[in-house]
Amino acid sequence: MIMIDEWNYQDLLSCLEQKQSFTFTRFGDGEWNAIFRKEGTNCDKHTYFKDMGDALAEVLISKPDYRLGMQNMATRVQGSEINGFLDLNELKIEWCNADMLHKASIKNNIEPFFKVLSDRNTIIIGPDYLKSIDKRVKYKHFIEIFTLNCWEQKDYILNECRKVKLEKPVFSFSASMGAN
């Protein structure tokens with residue numbers, strides 16, 4: 001059964017404002033397609049790599065103690081398959097709504113998120129075109145990755161993140177399915 005808890009956008013902002021350590025990952029239809037070994041690419045043209053799908057499945061099977069977000073579209077389109085995977089692996093996950101940032105943006109309420117990121121030691125991990133977000137988020141460091149198929153850079157990305165020597169850094173990944 002897919003369970004949704006009440007952790008929301010305001011809770012995310014509060015954690016950031018209070019400099020609490022936390023992890024929040026988002027699972028949508030692309031992540032599930034990779035887990036279910038679908039061939040091809042997601043809507044952004046990132047490839048469903050077999051080892052990435054295995055790694056995503058392992059994240060869930062390991063029962064992490066951090067926030068896992070579920071995209072609403074994934075539950076609508078793949079709900080029975082997702083439930084089958086969760087049941088098979090005896091997983092009882094309290095998912096939060098992965099679309100909270102998207103919804104805040106649609107409601108023109110994303111600025112509080114950008115402000116709190118600007119007030120923190122934020123590291124952006126993403127493709128070159130995201131460097132221009134510095135107009136809205138004053139990040140401390142930018143780790144540039146491929147625009148497509150950044151999963152192929154997973155070792156580089158982890159090594160670059162390990163090099164960051166900032167107090168209580170916030171790592172913001174824009175790395176498609178591999179970010180999880």
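Computed with a 1.4 Å probe over protein heavy atoms only, the accessible surface of the chain comes to 57 Å² per residue.
Report relative contact order for the stretch 36-167 in percent, whole number only (criteria: Cα-Cα under 8 Å, sequence separation at least 6).
Details: 104 pairs, mean separation 23.8, N = 132.
Result for the stretch 36-167 is 18 percent.
Ordered from longest to shortest, the equivalent ellipsoid semi-axes for the stretch 17-81 are 23, 14, 12 Å, each the square root of 5 times a Cα gyration tensor eigenvalue.
For the chain, the spherically averaged projection of the C-alpha convex hull amounts to 10.1 nm².
Calculated translational diffusion coefficient of the stretch 103-180 (37 °C, 0.692 mPa s; Stokes-Einstein with Kirkwood radius over alpha-carbon pairs) equals 250 µm²/s.
Would you calculate, for the chain, the mean residue ellipticity at 222 nm contributed by helices, counting each DSSP H stretch of 4 or more residues as -39,500 (n - 2.57) and dividing by all residues, to the nearest 500? Let's see the in-between values first.
Working: 7 runs with 70 residues, N = 180.
It comes out at -11500 deg cm²/dmol, rounded to the nearest 500.
A crude spin-label estimate for the pair GLU111 and ILE4, with each label 7 Å from Cα along the Cβ direction, gives 2.8 nm. Applying 0.36 nm per residue to the separation of PHE22 and GLU94 and subtracting their alpha-carbon distance, the gain on full extension is 24.4 nm. Computed from the Cβ-Cβ distance with R0 of 30 Å, the FRET efficiency linking GLU167 to ARG136 stands at 0.85. Here the chain is treated with +1 on each Lys and Arg Cβ and -1 on each Asp and Glu Cβ, and its dipole about the Cα centre works out to around 680 debye. Separation of the stretch 130-153 and the stretch 42-85, taken as the distance between their Cα centroids, equals 23 angstrom.
Working ranking of peptides 167-177, 22-32 by packing, defined as the average number of other Cβ atoms within 10 Å per residue, highest first, is 22-32, 167-177.
Over all other residues within a Cβ to Cβ distance under 14 Å of ASP44, the charged ones net out to 0, with Lys and Arg as +1 and Asp and Glu as -1.
The values are calculated or read from the model by the stated rules, or taken from the named source; none is laboratory data. The structure displayed is predicted, hence computed values, not measured ones. Because the Cβ atoms are built from the backbone with ideal geometry, glycine has one as well, and the counts that use them run over all protein chains shown. Side chains are part of the model used for accessible areas, which takes the heavy atoms of the whole protein and leaves out ligands, DNA and RNA. Shrake-Rupley method; radii C 1.70, N 1.55, O 1.52, S 1.80 Å.
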